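Written out below as structure tokens is the structure these notes cover.
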Amino acid sequence: FKASAKDRVFRFIMADGMVRGAIVHTTRMINEMRSNHDLGPLETLILGQGYIAASLLCSGLKDKNDRISLDIKCSGPIKGLDVESNVFGEVRGYLKTHQIEVQNSEKIKYLSTLFGAGFLTVTKYLENAPTPYSGQVALEHGSVAEDLANYFLISEQIPTGFKLSVFFNEKEEVEGAGGIFLQALPGADPVKVAEAETMIQNIDSLGELFAQGALPEKIIQDSFSTLN
């Protein structure tokens, strides 16, 4: 129960109401995901980032039947992933290949090389909308976080930043996992937005911070103290 209580979304507003954000602690969820899908470390990392992203995306949902999905199709060994979350923060999803086939996985320096060309699609199923809303962008970064930020900038014209993290110990066990995102609100000062984007990139591994016992509220206060 203690582990379950830690897995939740914390929403916040800062910079005089110009920027909204959310941070999620997802260690328990990622470990359950890994066990349910019987995943190796690399597969856990990739799908785990998708789960964390979906947890953050659902923070903007309102009605009880609202849900949002994130779909990636790509030509690389990852093949893609499909995850969905609802207004209650429940997440489900899968990789489009059960095992990512790579040679010398220990020599992989950049995950972007495993994605290749492809597309990222975000679909919102809103209770009060007659049809789902869907937007799509080409994969430019080979990173769930960076390509999601690019989606919001191109498809919805909203400056957004993401940080997604899964931390493994020496035994390749997940000890910490979580994510954070910031999004500019209408009329936000571009200078404040740029400052917030720099701050989110300067945050150390959230997964490692959570593994060390850091609290989401403390991370927000420490990371964005000048924008509170």
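Evaluated on the chain, the Kirkwood hydrodynamic radius is 17.9 Å, with distances taken between all distinct Cα atoms. Scanning residues 5 or more positions from E156 or on other chains, none has an amide H under 5 Å from its amide H, with H placed 1.01 Å from N in the peptide plane.
Shape summary of the stretch 169-219, radius of gyration then Dmax from alpha carbon positions: 14.3, 47 Å. Can you pull the percent of the stretch 106-202's accessible area that's carbon plus sulfur, 1.4 Å probe, other chains left in place? In the stretch 106-202, the share of accessible area belonging to carbon and sulfur is 54 percent.
Percent of accessible area on the stretch 4-91 owned by carbon and sulfur, 1.4 Å probe? Walk me through the numbers on the way to the answer.
Details: 1610 of 3580 Å².
For the stretch 4-91, the apolar C and S fraction of the accessible surface comes to 45 percent.
Residues whose amide H lies under 5 Å from that of T97, counting only those 5 or more places away or on a different chain, are G80; hydrogens are built 1.01 Å from N in the peptide plane. Fully extending the segment from Y133 to D38 would add 30.9 nm, taking 0.36 nm per residue of separation and subtracting the current Cα-Cα distance.
Counting every Cα pair in the stretch 123-228, what percent are over 20 Å apart? Of the Cα pairs, 52 percent sit more than 20 Å apart. Straight-line reach from K73: taking Cα to Cα under 18 Å and skipping same-chain neighbours fewer than 8 places apart, the aspartates and glutamates in range are E43, D82, E84, E101, E140, E146, D147. A protection proxy built from the mean count of other Cβ atoms within 10 Å ranks the segments 186-198, 80-92, most packed first, as 80-92, 186-198.
For the stretch 117-129, the Karplus equation 6.51 cos²θ - 1.76 cosθ + 1.60, evaluated at θ = phi - 60°, returns couplings of 7, x, 9, 10, 10, 10, 10, 10, 10, 9, 4, 9, 9 Hz by residue, with Gly and Pro reported as x. Per residue, the accessible area of the chain comes to 52 Å² when a 1.4 Å probe rolls over the protein heavy atoms. Distance from a point 7 Å along Cα→Cβ of A117 to each backbone N in the stretch 140-168: keep the residues under 19 Å and list them by number. Those under the cut-off are 140-143, 147. Counted as membrane-span-like here are DSSP H helices of the chain whose alpha-carbon atoms extend 18 Å or more along the helix's own axis and whose Kyte-Doolittle mean is 0.5 or above; these are 41-57.
Inter-part distance, the stretch 186-228 to the stretch 1-62, computed on C-alpha centroids, equals 16 Å. Put a plus charge on the Cβ of each Lys and Arg, a minus charge on the Cβ of each Asp and Glu, and nothing anywhere else: the dipole of the chain about its Cα centre is then about 340 debye. Taking each DSSP H run with n ≥ 4 as -39500 (n - 2.57) and averaging over every residue of the chain yields -9000 deg cm²/dmol at 222 nm. In plain terms, the bigger the Kirkwood radius, the slower the diffusion; for the stretch 15-132, with that radius from Cα pairs, at 25 °C and 0.890 mPa s, Stokes-Einstein puts D at 159 µm²/s.
Which order do the peptides 213-220, 66-73, 126-133 come out in when sorted by mean C-beta neighbours inside 10 angstrom, highest first? Walk me through the intermediate numbers first.
Working: 213-220: 15.0, 66-73: 20.5, 126-133: 10.6.
So the order, starting with the most tightly packed, is 66-73, 213-220, 126-133.
The values are calculated or read from the model by the stated rules, or taken from the named source; none is laboratory data. Please read all numbers here as calculations on a predicted model, not as lab measurements. Cβ coordinates were reconstructed from backbone atoms using ideal geometry, including for glycine residues, and neighbour counts include every protein chain displayed. Side chains included, ligands, DNA and RNA excluded: accessible areas come from the protein's heavy atoms. Shrake-Rupley method; radii C 1.70, N 1.55, O 1.52, S 1.80 Å.
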